[in-house]
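Have a look at the structure below before the remarks.
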Amino acid sequence: MSDFRKEMKKYLDLVTEDFETLIINRGKDCGVVIISLDEYNSLQATLHEMSSKENMKRLDESISKFERGEYFGRDPNRKMQVSL
């Protein structure tokens, strides 16, 4: 039995709690990558942001403004309120 099978909970906890990427080799040129749902969603959001020239232009402009110090902060202790 593989180490992954014996210690599956431990490995999945590392992925979800420590944002680790788990690569499981399954033979020559074959394998599986396991990432957390948060990491997957982040990658999908990045792909979306980079999916069009307009999005890339807005992102580049935002990065330039940030680098010039043209940004405003938010109090991290302030709770967001959402009404449904």
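How far is the Cα center of region 1-18 from the Cα center of region 23-61, in Å? For region 1-18 versus region 23-61, the Cα centre distance is 22 Å. Counted by neighbouring Cβ atoms within 10 Å, the residues ARG78, ARG58 run from fewest to most as ARG78, ARG58. Cross-link partners of LYS28 among lysines, defined as those whose alpha carbon lies under 28 angstrom from its own and excluding same-chain residues fewer than eight positions apart: LYS6, LYS9, LYS10. Neighbours of THR16 by Cβ distance under 14 Å: Lys/Arg scored +1, Asp/Glu scored -1, total -4. Quickly estimate the mean residue ellipticity at 222 nm for the chain, helices only: each DSSP H run with n ≥ 4 gives -39500 (n - 2.57), and the total goes over all residues, rounded to 500. Counting only the DSSP helices, I get -15500 deg cm²/dmol.
Rule-based calculations on the coordinates, nothing more; no lab input. Fair warning: this is a prediction, and the values are worked out from it, not measured in the lab. Here the Cβ is made from the backbone with ideal geometry for all residues, glycine too, and neighbour counts use every protein chain on show.
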